[in-house]
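Some notes on the structure that comes next.
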Amino acid sequence: MKFNEQELDETIQPIKQTDLIYGIEDRPPFKDALFAAVQHLLAIFVAIITPPLIIASALKLDLETTGFLVSMALFASGISTFIQCRRFGPIGAGLLCIQGTSFSFIGPIITAGLMGGLPLIFGSCMAAAPVEMIISRTFKYMRNIITPLVSGIVVLLIGLSLIKVGIVSCGGGYGAMDDGTFGSIKHIGVAAAVLLSVLFFNRCKNKYLRMSSIVLGLCVGYALSFALGMVDMSAASSQSFTNLNIPVPFKFGVEFHASSIIAIGLVYLITAIEATGDVTANSLISGKSIEGDGYLKRVSGGVMADGFNSLLAGIFNSFPNSIFAQNNGIIQLTGVASRYVGYYIAAMLVLLGLFPVVGIVFSLMPDAVLGGATLLMFGTVAAAGIRIIAAQEINRKATLVLAVSLSLGLGVELMPDILKAAPDAIKGIFASGITTGGLAAILSNMLIRVKDDKVEE
């Protein structure tokens, strides 16, 4: 195994103590690398394509546009993964870090899309991406502002707001609302079948069934909905399955709006925190130290790549990317931490993104099928927020911060008409419960702490 100077300077946990078969700098044989890459792909594939499908459904985009967005999500994820694993200068963690379309941005993106369509979405995502890149350079100072309590509150609000999106999909989506079939037995039944299937496969003792639980659940739902005549195959008859989806920068154009940039920028703050945790966990699993200059370079590079890749994704008509935490579990499972495996994963994602058949097939998936799976996935996001909050000391200050931020955030989310009489600028910024609750959490955490410090003095 070869070690660079950075690795020699830091304290490294011996590989033999980590139960790794292949370390970060090892080059596994083609067969082993391919097998490990396929397992990672199974774990992330659905998570990558789901956000564009949900956003397209909420914005009522046509089949061709939806398929293109799915393809570009796969393409952008492949490029992003390669950058993270390969590391270019200060950009990239240099670990087996897999990137894909982030769920955290769905709420603000849908809000931006309803306001100005795809141009505003991509423009806002690109304009706000430097927030995360700046944080990567100043993270040790931002820790005093974006505390675990604040990040936990924001993650919880993201999960709670997404659950509403999942419920809408379970009922048949916005299309079903228009044709009067929303909440029908057929839609609810398919969503329930998917949910139960995912739970069943997730509880199986076979590790491969557990890893593929969401994929298998979607397959069950897809087959059931096809048998019930819910899949409109005629919509795909006019689509070409043979041409390649060539990435076209700025295909839909770009627009900018301050409120959308602020809302999405706030989520970038939180994803920076999440990326730090993911890189830390990956370093630990891969036998690297989680202290010292080497660790800080990996974390800084990983968060920097998170922001840069999201900017790059916006250029190629995709949504913000973030590091996937679930792949850390697969590294433990397979014992393969080689970053070169990431090259295989990146190549697979790029190839899948170039073929329109992938995007079209998944674009035909009924909303109820997607809703059954995403409802559980969104619930886990909210549960993750609760876990982060529960890990903190819930004293009087923390209780006040929680009360203020959740009240304001959920209040706006549940009753958006409260801002009906507000100026457009104010309405645009605070229309999202995530933005309102997140800003309230940051400000209340700072102010309450300052007040208490003065009292204690």
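Taken together, the values in this text are just the output of simple stated rules run on the coordinates, not laboratory data. Here the structure is a predicted model, which means the values were calculated and not measured. Positions of Cβ are generated from backbone atoms using ideal geometry, with glycine treated the same way; all protein chains shown enter the neighbour counts.
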Residue order, fewest to most beta carbons within 10 Å, for Tyr141, Tyr344, Tyr208: Tyr141, Tyr208, Tyr344
Between the range 244-291 and the range 337-397, the Cα center-to-center distance that results, in Å: 13
Chain lengthening between Met177 and Ala325 when straightened (0.36 nm per residue, less Cα-Cα): 49.8 nm
Pairwise FRET efficiency - Ala421 versus Ala347, Cβ, R0 = 51 Å, nearest 0.05: 0.40
Under 14 Å, Cβ to Cβ, from Ser184 - net charge with Lys/Arg +1 and Asp/Glu -1: -2
For Ser363, Ser444, Ser213, order by how many other beta-carbon atoms lie within 10 Å, fewest first: Ser444, Ser213, Ser363
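Kindly flag which residue pairs out of Lys60/Lys164; Lys164/Lys251; Lys251/Lys297; Lys31/Lys205 have an alpha-carbon separation exceeding 23 Å in this structure. Please report the intermediate quantities before stating the final value.
Numbers: Lys60/Lys164 17 Å; Lys164/Lys251 30 Å; Lys251/Lys297 35 Å; Lys31/Lys205 25 Å.
Pairs exceeding 23 Å: Lys164/Lys251; Lys251/Lys297; Lys31/Lys205.
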Whole-Å distance, taken between Cα centres, linking the range 303-334 and the range 29-103: 7
Pair Ala391, Met233: separation of 7 Å Cα→Cβ label points (nm): 4.8
The chain: mean projected area of Cα convex hull, nm²: 23.3
Net charge contributed by nearby residues that have their C-beta within less than 15 Å of Phe88 (K/R +1, D/E -1): +4
Potential extension, Ala383-Asp293 segment - 0.36 nm per residue separation minus Cα distance: 29.1 nm
Length released on extending from Lys60 to Leu443, taking residue separation times 0.36 nm less the Cα-Cα span: 134.3 nm
Karplus (6.51, -1.76, 1.60) ³J(HN,Hα), θ = phi - 60°, over the range 412-423, in Hz, Gly and Pro reported as x: 5, 5, 7, 10, x, 5, 4, 9, 4, 8, 6, x
Cα coordinate range in the range 253-406, projected on the principal axes (Å, largest first): 55, 39, 34
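Counting other C-beta atoms within 10 Å, and keeping those with at most 16, which DSSP coil trypsin sites (Lys or Arg not before Pro) do you find in the range 260-300?
none
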Computed over the range 239-326, Cα set: Rg, Dmax in Å: 16.8, 54
